Structure formats: C-alpha cells, structure tokens
Amino acid sequence: MDIKINPDGIWYHGSDKEFTELKAGSTITQWKALAEAFSHQPTMLSYDDDGVIDHNGKEKGYLYIIDEPITVGVDVCQHPRSAMDKNAEFLTKRPLKVKMICEL
C-alpha cells in the first residue's frame, strides 16, 4: 500500500492511557485508523491492500493528535523495525505535546 506523508498533516497516536506528553521512542502515524486500532492494544494487527485494518484489541482506547509542529527526520523517523509499509509508522525522537481528541 502506498502511504503518502503530508509535511503539514496531522499526526496521531493511539493509547489505552491518558497523558499530555508523549515519550521519546513512541510510535506515531498520519494514518488515523491505524492509531485508533493501536489504541485498543492488539496482539495481532493486519491490513489489506485497500487499507482495511483487522485487529484483536479489546482495551478502551484514546486517540491523540500531536499538538506541536513535527519535522520528519528531526522530530520523528521511520520505524526501523516496522513490518508495515513505508510511512505507516514513525518513532518520536523527543517528547511531544499531545491533545486527546476522543475516547474509543
């Protein structure tokens, strides 16, 4: 699947915890549905060529947006051990402010 990164786009993080700052080394994505799925803490997650996500997560989740500017290569980098397509997952290089946008 071809995933494009918008330099000015929204970055998401999904978690089952509440917080206001994301730790360095956390995973973020511009794919909202992927962050939503990860918020449920699945042990299995996959997606097809059309981007339809399947997972077994059952936890209550929270969806966050990164609440400050992000520069790829400076603030985040491609996840080096991701089994997903390029641009699906990025790792944060520093703590980032977040804002919860919904409970899932």
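Each reported figure results from applying straightforward, stated rules to the coordinates on display, with no laboratory input. Only a predicted model underlies this, so the values are computations on that prediction, with no experimental measurement involved. Using ideal geometry, Cβ is built from the backbone for each residue, glycine included, and neighbour counts are taken over all protein chains shown.
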> In nm, what is the difference between 0.36 nm times the number of residues separating I101 and M44 and their Cα-Cα distance?
Replying inline: 18.1 nm
> Which peptide among 11-19, 72-80 comes first, and what is the full order, when sorted by highest mean count of other Cβ atoms within 10 Å?
Replying inline: 11-19, 72-80
>> Give the aspartates and glutamates reachable from K4 as a straight Cα distance under 16 Å; neighbours fewer than 8 places away on the same chain don't count.
In response: D49, D50, D85, E89
> For K99, which aspartates and glutamates qualify as cross-link partners when the Cα separation must be under 13 Å and same-chain residues fewer than eight apart are set aside?
Replying inline: E18, E21, D67, E68
> Rounded to a whole number, what is D in µm²/s for segment 26-69 from Stokes-Einstein with the Kirkwood radius over alpha-carbon pairs (10 °C, 1.306 mPa s)?
Replying inline: 141
> Which order do peptides 82-93, 42-53 fall in by mean Cβ count within 10 Å, highest first?
Replying inline: 82-93, 42-53
>> Show log10 I(q)/I(0) for the chain at q = 0.10, 0.19 Å⁻¹, two decimals, from a solvent-free Debye sum over equal Cα scatterers.
In response: -0.24, -0.94
> Where in segment 19-46 does the label zone of K58 land, with the point 7 angstrom along Cα→C-beta and an amide N cut-off under 20 Å?
Replying inline: 36-46
